[in-house]
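Notes follow once the structure below has been shown.
Here, each number is a calculation from the coordinates, and none is a lab measurement. This structure is a prediction, so every number in the text was calculated from the model and none was measured. Cβ placement follows ideal geometry from the backbone for every residue including glycine, while neighbour counts extend to all protein chains displayed.
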Amino acid sequence: MRYIKILFLALFLSVSIYAKEVVNVNLDNIEISKLIELVSKIYHKNVLMPYTIRGKVKFISNSPIYKDKIYDILLDILATKGYTIVDGGSYLKVVRLSSIARENRKFLKPNESVKDVKTPITKQIVVKNIDVNVLASKIRPLMSLGARLITIKDNNTLLITDYPSNILKIEKVIRELEKNVEKVVEIVEVKNAKLQTIYSEISQIARDILDQRIVNQKVKLMMDKSLKSIILIGSKSAVSKLKKEIQKLDKPPKTPLEITKIVTLKNSEAKSVYATLTQIVAKRKYKDISLKPSISYNEEINGLILIGHPDIVKSLETIINELDKEKYQVYVQAKIVEISESKAKDIGMKYGLGGGATSGSTLFTFAGNFGASAIQLPSGVSLSNVIDTSSLKTNLAIGAAISFLQSNGASKTISEPTILCINNKESSIYVGKTKSFLTGQTTNANGTSVTYKREDVGLTLKVKPRVASNDKVTLQVKSILENVDKTDTEALATQPTTTKQEVSTEVIVKNGESIVIGGLLENKTSNQVTSLPLLGDIPVIGNLFKNRSNGLEQKDIVIILTPYIIEKSSSLSKLQKFISDIAKLQEIYNQAVFKAIKKKKEKEEKRDKPNFMPIDGIDE
């Protein structure tokens, strides 16, 4: 059996060797044109030579030349001269290498196989997994001299014009490259972690461990929220590598990725705190957008709802607790006093008191005459912890001055409102009435119709406190006085004129210290009756001994404000008791001061009274 195999192999080799036809020809020093004629005769093909190609062939051979190699030798020699041969159908044609694509007539579709022919052909190759533009740069070095390559992006196709044997080699290389970059689709479900977080992290990992410039390492990532999955598209090896990284990241967290916290507010309004938190979150930068917390508020429970990562929720809760601290409150005592300018001057002259003009800060000068050297506090009253001694003395002096003017008919207290203000929030007080003003009158057959307009006329006081420290407060004060101008007598009956005076100021005062705001003037009509003693009291005829005078008297509207800082709501009841004690102390203070002033006046009158000498016959 062994001998039969050896005999069969020898027979096969001899047949194969002799199957190739040997050409007995000497190619050394032969003209190129003669070699073309020789090939024409061997292959029984007519050859068209549009060009004269000069030169000789230098071919050294030490073995037989086979017929199928003669053609290859001719093509190599023509290539050195810049020419080649194409199949013209019934004949062969010598053409320039630069026009090989244009002169070629053989075109093969993607599904047609390349035959073993010697002339150039054009083959369409469809590329599946690689960008043809990227692939073209890789296979150009493999192409023959003068070969042409065209890329068609639309259908990812190559058009190659080259010799059949070379096209076979190039196509084989392309198919091998396609295998290396064959794309797979992998859907990786995210079970434990947050999808957006995993997607952001794996995208960064892909950029770090895979070179996106290399085709078989390029992976496309997509996120499918409905499946809670990440889709990977790329080469099998690259996709497998990223899949393992996703599974590592998708481990159950030690702490929950997201928690919900409801924070109920005690001292602040949920809506305002929500606005502040929203601004803070908007300005923060998050590496992962999914870490941005969700904030909402509920007015019914006056609370905030926080949803997010535990650490972020905790930091927001810290901010909320600071914003929700019990706020300072300011208890403002207001006293609105109307002072007669002329009567106050008369009192000042009568009692020898300076500062008779009491508008604005001049009231302090007037009040300076009412300082008591020593006041005995009521039993159980202690003021040192609430208000300092200098502020107490000033307040008592102002209170005594106002009471003194009022007891002598020079002032009248219009209102004594109190208001509890929240720190940094404006509060207002209005003292006045609504009046009707004639705006029009129409007369027709049905009669006369009159229209009126209702307007508020009075004093508006707006106060906005801002606590600077435990013992000082800044007050933004705005007072507006609106009244009817009674000096315009002609318009008073039909369409009266209204006046408006406005004062705005900002002052820093101590806790419990009084401030006086003036500059608000009002003209009022005064009716005064003077009569002769006894005669003016006689019925009927007594009117003959009376004098009636009407006139306008200028009144100063003075506003006295005393703020008290309240750190905690629990301190309000203590403050009320303290104010009650201050009122008692004011009565004691007034009695002592008034007594001292009257005693001083009596002493001065006695000193200034002239001493008359008795005259005979007349009693002293």
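Things to note:
- For the peptides 74-86, 576-588, the ranking by mean Cβ contacts within 10 Å, running from highest to lowest, is 74-86, 576-588.
- The GluC sites (Glu not before Pro) of the range 228-332 that meet both conditions, a loop assignment by DSSP and at most 14 other Cβ atoms within 10 Å of the site Cβ, are E269, E299, E300, E326.
- Modelled spin labels at K425 and A79, positioned 7 Å past Cα toward Cβ, are 9.4 nm from each other.
- S272 versus T497: modelled label distance in nm, points set 7 Å from Cα along the beta carbon direction: 4.2
- Global form of the range 244-322, assessed from the alpha-carbon gyration tensor, a/c cut-off 1.5: prolate
- Trypsin sites (Lys or Arg not before Pro) within the range 224-281, DSSP loop, no more than 11 other Cβ atoms inside 10 Å: K225, K254, K266
- Rounded Å value of the spacing that divides the Cα centres of the range 410-457 and the range 26-81: 123
- Distance in nm between pseudo-label sites at S342 and I152 (7 Å out along the Cβ direction from Cα): 11.4
- Counting Lys and Arg as +1 and Asp and Glu as -1 over every other residue whose Cβ lies under 14 Å from the Cβ of I307, the net charge comes to +1.
- Here the dipole of the range 173-230 is about 160 debye; that uses its Cα centre as origin and unit charges on the Cβ of Lys and Arg (positive) and Asp and Glu (negative).
- Looking at the range 188-286, the chymotrypsin sites (Phe, Trp or Tyr not before Pro) that sit in a DSSP loop and have at most 15 other Cβ atoms within 10 Å of their own Cβ are Y286.
- From phi via Karplus (6.51, -1.76, 1.60), per-residue ³J(HN,Hα) for the range 185-193 in Hz, x at Gly/Pro: 10, 10, 9, 10, 7, 9, 9, 10, 7
- Amide proton proximity set for K555, modelled H, under 5 Å, gap of 5+: E522, N523, K524
- Contour minus Cα-Cα distance for K568 and T434 (0.36 nm per residue): 44.5 nm
- Computed over neighbours whose Cβ is under 9 Å from that of N423, the net charge equals +3, Lys and Arg +1, Asp and Glu -1.
- Whichever lysines have a C-alpha closer than 24 Å to that of K598, once near sequence neighbours (fewer than 8 apart) are set aside: K343, K345, K350, K393, K412, K584, K606, K609
- FRET efficiency, 1/(1 + (r/R0)^6) with R0 22 Å, evaluated for E322 and I262 via beta carbons: 0.75
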